[in-house]
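Asks: Handing you this structure, nothing more for now.
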Amino acid sequence: MGILAGDIGGTHTRIALFEKGKLCAERKYKSREYKRLEEIVHDYLEHEKCTVAAASFGIAGAVRGGVCKATNLPWSVDTVTLSHSLGIESVYLINDLEANAYGVLALKEEQLFLLQRGDPSMKGNRALIAAGTGLGEAGLFWDGKVYHPFACEGGHADFAARDEIEMELLFYLKKRFGHVSYERVVSGPGLYALYQFLTENGHEVASPEVEEEMRTSDPPRVISAWRRKDPACARSLEWFLSLYGAEAGNLALKMLPFGGLFIGGGIAPHLIEMFQRGEFISSFCNKGRFDGLLESIPIWIVKDDQAALLGAAVYAERGR
């Protein structure tokens with residue numbers, strides 16, 4: 001009997017079966033095409049026809065008492081309903097970044113990319129930040145022997161402008177959203193918001209070809225694809241990485257992850273060469289009197305996109 005694991009995001013939901021710690025069968029679904037998580041899981045079980053001992057799902061949102069109202073989906077998910085609907089006695093629901101954190105602990109060196117060496121001799125807490133459809137953050141508390149992952153919702157903390165143009169951006173977004181969190185600028189939709197701000201406020205000129213492609217394709221993907229050919233796209237992406245680094249630095253100051261900071265999510269693995277250019281690292285370390293401390297923190301990019309699935313399975317295995 002295997003463990004059913006799920007990674008529930010605002011764009012995609014991935015379901016997989018793990019047997020003896022190994023992923024055996026994975027399916028990917030477009031989240032918004034379904035009204036409830038149960039529909040997706042029933043579809044998976046119908047196709048795979050597997051026997052499940054326990055199920056565990058990582059979801060983008062705050063989980064309280066086994067219940068979560070998804071942040072970027074019109075879903076409410078709870079373990080009691082899932083257990084009854086699926087006929088599985090042991091069902092676990094955890095924050096998606098907490099699941100990622102459990103998964104990161106099980107990754108091998110080749111599944112990571114070292115972005116900043118830091119001081120590898122240091123021991124201590126770790127932290128995880130991941131931009132995708134939203135912005136997730138988590139901590140890994142070091143008790144002197146093992147790590148204990150825990151969730152937080154730091155991505156929804158107030159966005160802090162660093163200069164005049166970012167003050168202009170703040171007021172631009174405040175008119176649209178009211179509260180402006182870091183997720184509004186460090187996420188896939190946030191990248192597009194940066195592009196819109198630059199082109200609508202006269203800081204860059206919108207290309208007709210780019211605008212046309214955005215009408216039929218996902219705008220953040222278009223920005224990434226045009227980054228070498230279009231000045232507005234290039235500037236948007238460079239600014240995005242700078243903001244990403246700034247918030248990663250904020251997280252590091254709060255967690256003091258001397259054991260390392262991990263960058264997860266669906267964006268970073270595709271932009272490793274841009275992360276290496278320096279916008280991310282310079283913003284990460286630019287914290288005044290604490291520059292040196294942040295330079296000592298190792299930083300890795302998580303290349304394996306199955307970390308959250310693996311982590312959900314690890315969590316279920318621990319709970320059995």
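Asks: Using the Cβ atoms and a cut-off under 13 Å, what net charge is assigned to the surroundings of ALA131, where Lys and Arg are +1 and Asp and Glu are -1?
Replies: Summing Lys/Arg as +1 and Asp/Glu as -1 gives -3.
Asks: Give the relative contact order (percent, whole number) for the stretch 196-320; include only Cα pairs under 8 Å separated by 6+ residues.
Replies: Rounded, it is 23 percent for the stretch 196-320.
Asks: Another question, then. Which of the peptides 164-176, 247-259 is most tightly packed, and how do the rest follow, going by the mean number of other Cβ atoms within 10 Å of each residue?
Replies: In descending order of packing, they fall as 247-259, 164-176.
Asks: State, as an integer percentage, the relative contact order of the chain based on alpha-carbon contacts under 8 Å between residues 6 or more apart.
Replies: Relative contact order of the chain: 23 percent.
Asks: Compare the peptides 69-76, 297-304 by average per-residue count of other Cβ atoms within 10 angstrom and give them in order, highest first.
Replies: The most tightly packed comes first, giving 297-304, 69-76.
Asks: Can you give the angle from 0 to 90° between the axis of helix 231-255 and the longest principal axis of the chain, with both taken from C-alpha atoms, to the nearest 10?
Replies: Rounded to the nearest ten degrees, it is 60.
Asks: Moving on. Cα axis of helix 307-319 to longest principal axis of the chain: angle in degrees, 0 to 90, nearest 10?
Replies: Taking the Cα atoms of the chain, the angle to 307-319 is about 40 degrees.
Asks: If you line up the long axis of helix 164-177 against the longest principal axis of the chain, both from Cα atoms, how many degrees apart are they, to the nearest 10?
Replies: Rounded to the nearest ten degrees, it is 50.
Bear in mind these aren't lab numbers, they're just calculated from the coordinates by the rules spelled out. None of these values were measured; they are calculated from a predicted model. Cβ sites come from the backbone with ideal geometry, for glycine too, and all protein chains shown count toward neighbours.
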